[in-house]
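The values are calculated or read from the model by the stated rules, or taken from the named source; none is laboratory data. No experiment lies behind these values; they were computed from the predicted model shown. Heads up, the Cβs are rebuilt from the backbone with ideal geometry, glycines too, and the neighbour counts pull from every protein chain shown. In case anyone asks, the SASA skips ligands and DNA or RNA and just uses the protein heavy atoms, side chains included. Shrake-Rupley method; radii C 1.70, N 1.55, O 1.52, S 1.80 Å.
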Amino acid sequence: AQSVTQPDIHITVSEGASLELRCNYSYGATPYLFWYVQSPGQGLQLLLKYFSGDTLVQGIKGFEAEFKRSQSSFNLRKPSVHWSDAAEYFCAVGDILTGGGNKLTFGTGTQLKVEL
Amino acid sequence: EAQVTQNPRYLITVTGKKLTVTCSQNMNHEYMSWYRQDPGLGLRQIYYSMNVEVTDKGDVPEGYKVSRKEKRNFPLILESPSPNQTSLYFCASRAGAHNEQFFGPGTRLTVL
């Protein structure tokens with residue numbers, strides 16, 4: 001069965017500092033990978049996704065993620081964090097066998113706090 | 001405006017009283033899903049549907065039912081709610097396997 005691990009429950013960074021959120025997955029083949037962001041009281045918004053091809057994926061709001069098969073990782077990065085990036089971030093893996101990601105498994109999330 | 005709507009947004013009920021949470025999307029998406037979100041557990045998929053009359057269990061289907069009689073609607077049914085189903089529920093839809101999943105605003109359910 002597929003699974004996702006986000007080892008950091010909380011992360012605090014200063015505004016303007018760089019950010020890396022970790023995500024490790026377990027899946028038997030090349031997975032479909034996603035990063036979502038959830039602001040307080042809101043639904044989830046897709047930041048970026050990886051299906052195939054270039055392993056460095058660009059997303060919205062200046063975020064990027066790199067798929068590393070050898071490490072089973074899909075870490076999210078941003079070079080300079082803004083106060084508005086404070087939110088909860090979820091990594092997810094999709095099951096190719098059920099239609100390319102309709103069955104999504106989410107990590108437990110990383111809460112990002114940004115200090116001014 | 002393209003969107004996924006859920007109703008109600010907030011619901012407090014008692015154990016055993018059947019309830020339905022509706023979900024509707026206006027994007028003609030084939031795929032729809034229900035998730036529950038609990039602190040420290042992230043989002044867990046309850047059920048998903050790949051088309052009308054095609055549904056399948058997610059990771060935590062016990063105590064829930066769904067139906068997909070028409071493409072735009074995907075109601076979540078709790079026949080006999082219990083306190084452990086107190087949670088924040090999200091409906092989502094997507095056009096296809098490689099498309100973005102759009103989430104509804106969430107329904108906060110409390111079962112007393």
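Annotations
- Heavy-atom accessible area buried between chains A and B is around 1800 Å² (1.4 Å probe, both sides summed).
- For segment B:83-112, a decrease in accessible area of 50 Å² or greater in the assembled protein chains relative to the isolated chain, with a 1.4 Å probe, applies to B:R94, B:H98, B:E100, B:F103.
- Total charge dipole magnitude, chain B, about the Cα centre, Cβ charges on Lys, Arg, Asp, Glu only, Debye to nearest 20: 280
- Computed over the alpha-carbon atoms, chain A gives an Rg to Rh ratio of 0.96, Rh here being the Kirkwood radius from the mean inverse distance.
- Selected from A:L76, A:L48, A:L56 as most flexible by GNM, with chain A as the system and alpha-carbon contacts under 10 Å: A:L56
- Positive-end residue of A:Q45, B:L43, A:F67, charge dipole of the protein assembly as shown with Cβ unit charges: B:L43
- Charge dipole (debye, nearest 20) of the protein assembly as shown; +1 at Cβ of Lys and Arg, -1 at Cβ of Asp and Glu: 520
- Probe 1.4 Å, protein heavy atoms only - accessible area per residue of chain B in square angstrom: 47
- Distance from segment B:18-68 to segment A:22-75 (C-alpha centre basis), Å: 22
- Efficiency of FRET from Cβ geometry, A:A1 and A:E64, R₀ 22 Å, rounded to 0.05: 0.20
- Percent accessible area from carbon and sulfur atoms, chain A, protein chains only, probe 1.4 Å: 49
- Accessible surface of segment B:40-112, 1.4 Å probe, proportion on carbon and sulfur as whole %: 52
- Contact-buried residues of segment A:28-54, at a threshold of 20 Å² lost accessible area versus the chain by itself: A:Y32, A:Y36, A:Q38, A:G43, A:L44, A:L46, A:K49, A:F51 (1.4 Å probe; DNA, RNA and ligands ignored).
- Per residue accessible area in Å² of segment A:1-112, where ligands, DNA and RNA are left out and the probe is 1.4 Å: 43
- For chain A, size of Cβ-based charge dipole, Lys and Arg +1, Asp and Glu -1, in debye: 240
- Sorting the segments A:80-87, A:29-36 by their residues' average number of neighbouring beta-carbon atoms within 10 angstrom, most packed first, yields A:29-36, A:80-87.
- Summing Lys and Arg as +1 and Asp and Glu as -1 over all other residues whose Cβ lies under 12 Å from the Cβ of A:S3 gives a net charge of -1.
- Local electrostatic count at B:P61 - Lys and Arg +1, Asp and Glu -1, tallied over other residues with Cβ under 11 Å: +1
- Volume in Å³ per residue [convex hull over Cα atoms, computed for the protein assembly as shown]: 120
- Counts of other chain beta carbons within 10 angstrom of each beta carbon in peptide B:49-57 average 1.
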